[in-house]
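The values are calculated or read from the model by the stated rules, or taken from the named source; none is laboratory data. Nothing here was measured: the structure is a model prediction, and the numbers come from that model. Virtual Cβ from ideal backbone geometry, glycine too; neighbours counted across all protein chains shown. With ligands, DNA and RNA removed, areas are computed over all heavy atoms of the protein, side chains included. Shrake-Rupley method; radii C 1.70, N 1.55, O 1.52, S 1.80 Å.
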Amino acid sequence: AVFGEVSIELFDGLIEPLIGLRYFEDDRTTANGIDRTTNTPRPPVGDVYDALTPRFALNIRPVDNGMVFVNIAKGFRSGTTQTEAQVALAELVGVPTSTAIQPDEVWSYELGTKWRLLDGTLLL
């Protein structure tokens with residue numbers, strides 16, 4: 001993974017926008033063992049998963065001891081490949097599945113506030 005973020009303070013630190021970007025690559029290719037009927041190696045199975053995920057944030061500091069923030073980010077989870085044995089075990093207990101599990105992604109949205117109180121001894 002490679003990532004970076006850029007932010008700038010505006011209006012004497014009152015507002016701080018941030019933009020980030022992350023590139024992620026995950027090689028989930030693996031050998032699938034020995035074929036017991038022919039006693040030969042099975043071909044590799046799996047895939048390479050990659051994603052470009054952005055992040056956007058905005059911090060607003062109306063007073064020295066407090067801030068309000070918004071954070072929006074895209075998340076990604078690689079797919080994977082299960083063995084035939086894993087699929088068979090799952091199906092034994094009634095869970096239909098396949099050897100290939102697809103990747104997924106989600107957008108997260110966060111709104112919050114942070115405060116330093118009692119001369120910095122309490123963070124809320």
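Every residue in region 98-112 that is touching a strand residue (DSSP E or B) at 6+ places or on another chain (Cβ under 6 Å) and of a type in the set (Ser, Thr, Tyr), please.
THR99, SER108, TYR109
Answer with yes or no whether VAL106 is more than 18 Å from GLU5 (Cβ to Cβ), more than 20 Å from the chain's Cα centre (by Cα), outside any loop (DSSP other than H, G, I, E, B) and at pLDDT 95 or above. Outline the logic, then answer.
Details: more than 18 Å from GLU5 (Cβ to Cβ): yes; more than 20 Å from the chain's Cα centre (by Cα): no; outside any loop (DSSP other than H, G, I, E, B): yes; at pLDDT 95 or above: yes.
Here the answer is no, as VAL106 does not meet what is asked.
In region 54-69, which residues are within 22 Å of TYR23 (Cα to Cα) and open to solvent by 50 Å² or more (accessible area, probe 1.4 Å)?
So the first thing to find is which residues in region 54-69 are within 22 Å of TYR23 (Cα to Cα), and the list is 54-58.
Of everything in region 54-69, those that are within 22 Å of TYR23 (Cα to Cα) and open to solvent by 50 Å² or more (accessible area, probe 1.4 Å) turn out to be ARG55, PHE56, LEU58.
Just for region 1-20: of the residues that are of a type in the set (Asp, Glu) and touching a residue at least 40 places away in the same chain (Cβ under 8 Å), which one is farthest from TYR49 (Cα to Cα)?
Among those that are of a type in the set (Asp, Glu) and touching a residue at least 40 places away in the same chain (Cβ under 8 Å), it is GLU16.
So for region 7-22 (the condition being among the β-branched types (Val, Ile, Thr), at pLDDT 95 or above and loosely packed, with under 13 Cβ neighbours inside 10 Å), does at least one residue qualify?
Checked against the condition, which is being among the β-branched types (Val, Ile, Thr), at pLDDT 95 or above and loosely packed, with under 13 Cβ neighbours inside 10 Å, region 7-22 yields at least one hit.
Would you pick out the residues in region 90-100 that are open to solvent by 70 Å² or more (accessible area, probe 1.4 Å) and under 28 Å from the mean Cα position of the chain (by Cα)? Reasoning before the result, please.
Keep residues of region 90-100 that are open to solvent by 70 Å² or more (accessible area, probe 1.4 Å), which gives 91-93, 95-96.
If the condition is that a residue be open to solvent by 70 Å² or more (accessible area, probe 1.4 Å) and under 28 Å from the mean Cα position of the chain (by Cα), then VAL95, PRO96 are the ones that fit.
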